[in-house]
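Computed from the coordinates by the stated procedures, all read-outs in this text should not be read as laboratory data. The model shown is predicted, which means the values in this text are computed figures rather than measured ones. Positions of Cβ are generated from backbone atoms using ideal geometry, with glycine treated the same way; all protein chains shown enter the neighbour counts.
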Amino acid sequence: MTVRKALFPLICLGLMGYFTYHLFVGDHGLESRARLQTQIKTTEGELKGLQAVRERLDRDVALMRADKLDPDMLDERARTILNFSHPDDIVIMDKPSASAPRN
């Protein structure tokens, strides 16, 4: 008779232990939530950086539109892409950085 009386509380304790374990460690538990919060903060930082890059690119594209073409921007982009300079330009060479390989 005592085994029958103890069986129900033991089953309840077992179920409570099971759910408590999964509350902390399960796929949707508190540890997973903490990991997701960290990942959200990291991703939001990346998003802000990418938004800044996009704003800069949008500004550069706006300066290159045919209806309001900025000659200085066009000249700068052409010289950068073609690696040319005007004979009257003054070119200042930077010192190579310490991490740059020497030939």
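List of remarks:
- Considering only Cα atoms, the convex hull volume of the chain works out to 227 Å³ per residue.
- Burial ordering of Ser32, Ser85, fewest other beta-carbon atoms within 10 Å first: Ser85, Ser32
- Assuming charge only on the beta carbon of Lys and Arg (+1) and of Asp and Glu (-1), the dipole of the chain about its Cα centre is about 1020 debye to the nearest 20.
- For Arg35 and Leu7, a Förster radius of 25 Å and the Cβ-Cβ distance give a FRET efficiency of 0.05, rounded to the nearest 0.05.
- Dipole axis of the range 23-82 (+1 Lys, Arg; -1 Asp, Glu on Cβ), positive-most option in Thr80, Thr42, Gly26: Gly26
- Using a simple spin-label model with pseudo-atoms 7 Å out from Cα toward Cβ, Met64 and Glu76 lie 1.3 nm apart.
- When every Cα-Cα distance of the range 23-82 is counted in 5 angstrom steps from zero, the calculated P(r) takes the values 4, 15, 13, 12, 10, 8, 8, 7, 6, 6, 6, 4, 1 percent.
- Here Asp58, Asp67 are placed in order of increasing Cβ neighbour count within 10 Å, fewest first, which gives Asp67, Asp58.
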